[in-house]
């Protein structure tokens with residue numbers, strides 16, 4: 001995956017629309033990002049956070065008590081990375097072993113969203129990013145919850161998508177070796193839902209849809 | 001997941017051994033890390049990279065042509081994060097929606113490993129980190145491949161593990177609402193292997209073991 005490192009970062013506006021669409025599609029396929037920034041002493045932090053894309057922005061949220069959220073809220077330079085691993089790439093040589101994946105690295109800064117209505121809507125978006133349709137099945141945030149939530153809008157100033165797919169790239173000289181080579185696809189699968197111990201209700205539509213489409217094999 | 005941000009980072013040596021074991025177990029459960037560092041201008045980068053744990057160190061590797069690998073190789077402060085998502089936590093309120101997960105955030109610096117034998121061994125470890133037993137089924141690195149590989153040994157100076165598991169934590173006042181709450185477990189599943197187009201052999205033992213234990217549901 002380190003090939004990512006060699007990619008030049010280009011301005012979103014200068015890139016073809018299919019690249020922008022690729023960035024958006026990779027972001028929309030997940031809900032877990034790794035968010036990086038550096039302290040004033042140069043110490044980097046990389047923190048796992050939930051996110052939801054909103055146009056050219058990425059919404060992030062956390063507790064107002066979080067020291068690291070407060071650092072991000074100051075508008076320092078940040079980096080939001082999202083990676084999906086799609087398969088194990090098993091080559092005939094150690095050197096050509098790899099993974100199939102889709103990744104996005106976004107650069108930008110965050111601003112705090114204070115507006116209560118926008119915060120309510122953003123929290124609903126986070127819920128639907130975890131599970132489409134779930135926001136309508138649960139109670140929206142109240143005033144106290146909004147006050148406890150720090151909501152950030154990270155503007156994507158630059159972004160770089162990187163995708164590897166397909167079979168191993170073995171050296172021609174290795175192809176005659178009596179060694180297997182190929183790809184093992186990796187998928188996310190969902191197991192049967194476990195109701196909360198105080199919940200007597202059957203699973204809702206969002207969960208039933210998830211299990212119908214995402215049974216993992 | 002932003003609760004991670006509130007965790008104080010403590011010296012590894014000051015922490016109980018079970019915490020160290022927890023850090024190691026979370027690292028050993030994966031092969032994809034998000035590696036962060038800052039440029040001299042404070043710009044943070046978060047790059048997806050494969051890794052393999054070796055004692056208190058994390059091995060990283062990449063191309064000698066990689067600009068970002070070269071930055072890491074200079075021994076600048078870095079952060080290596082690994083996160084496994086184990087389930088969707090669906091609460092009765094938007095606010096209490098979450099995910100079950102295991103994450104580790106490691107702080108330290110990398111040094112370059114130049115020794116050829118150590119590089120050969122490390123590349124084999126990367127292969128076995130992707131798929132146990134696979135290194136013995138494929139050709140080890142030759143001199144040219146070693147010369148093209150930048151191998152880094154990242155020393156874990158500080159580490160913080162964070163785990164969320166179990167059911168949603170709804171407010172007492174919400175428990176009587178006619179809303180479902182619970183957890184949907186999320187698992188990695190492997191699909192049937194796809195042999196390379198020029199490979200007539202049947203899948204090897206490593207792949208057969210993977211499919212026997214990891215069928216995703």
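For every residue, the table says whether it meets (1) outside the structural domain of residue B:62 (by TED's automatic domain parsing); (2) in contact with a strand residue (DSSP E or B) (Cβ under 9 Å, 6 or more places away or on another chain); (3) modelled with pLDDT of 95 or more.
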{"site": "B:130", "(1), (2), (3)": "no, yes, no"}
{"site": "B:142", "(1), (2), (3)": "no, yes, yes"}
{"site": "B:175", "(1), (2), (3)": "yes, no, no"}
{"site": "B:192", "(1), (2), (3)": "yes, yes, yes"}
{"site": "B:206", "(1), (2), (3)": "yes, yes, yes"}
{"site": "B:215", "(1), (2), (3)": "yes, yes, no"}
Taking segment A:192-204 on its own, how many of its residues are at the interface with chain B (Cβ under 7 Å from one of its Cβ atoms), surrounded by fewer than 17 Cβ atoms within 10 Å (Cβ to Cβ) and within 30 Å of residue A:86 (Cβ to Cβ)? 1
So, in segment B:114-134, exactly how many residues are at positive phi and crowded, with 20+ Cβ neighbours inside 10 Å? 0
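Here's the yes/no breakdown for (1) at the interface with chain A (Cβ under 8 Å from one of its Cβ atoms); (2) closer than 14 Å to residue B:150 by Cβ; (3) crowded, with 22+ Cβ neighbours inside 10 Å; (4) at pLDDT 95 or above:
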residue	(1), (2), (3), (4)
B:64	no, yes, no, no
B:70	no, yes, no, no
B:79	yes, no, yes, yes
B:88	yes, no, yes, yes
B:97	yes, no, yes, yes
B:104	no, no, yes, yes
B:107	yes, no, yes, yes
B:112	no, yes, no, yes
Only strands (runs of 3 or more DSSP E) wholly contained in segment B:32-137 count here; list those with 2 or more residues that are touching a residue at least 12 places away in the same chain (Cβ under 8 Å) and within 29 Å of residue A:193 (Cα to Cα). B:32-38, B:78-90, B:98-112
Looking at residue B:210 and the list (1) part of a helix (DSSP H, G or I); (2) in contact with a strand residue (DSSP E or B) (Cβ under 7 Å, 6 or more places away or on another chain); (3) over 21 Å from residue A:96 (Cβ atoms), which single condition is not satisfied? (3)
Among the candidates B:16, B:38, B:25, B:52, residue that is more than 9 Å from every other protein chain (Cβ to nearest Cβ), at pLDDT 60 or above and out of contact with any helix residue (DSSP H, G or I) (no Cβ under 7 Å at 6 or more places or on another chain): B:25
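The values are calculated or read from the model by the stated rules, or taken from the named source; none is laboratory data. Note that the structure is predicted; figures quoted are calculated from it, not measured. All Cβ positions, glycine included, derive from the backbone under ideal geometry; neighbour counts span all protein chains shown.
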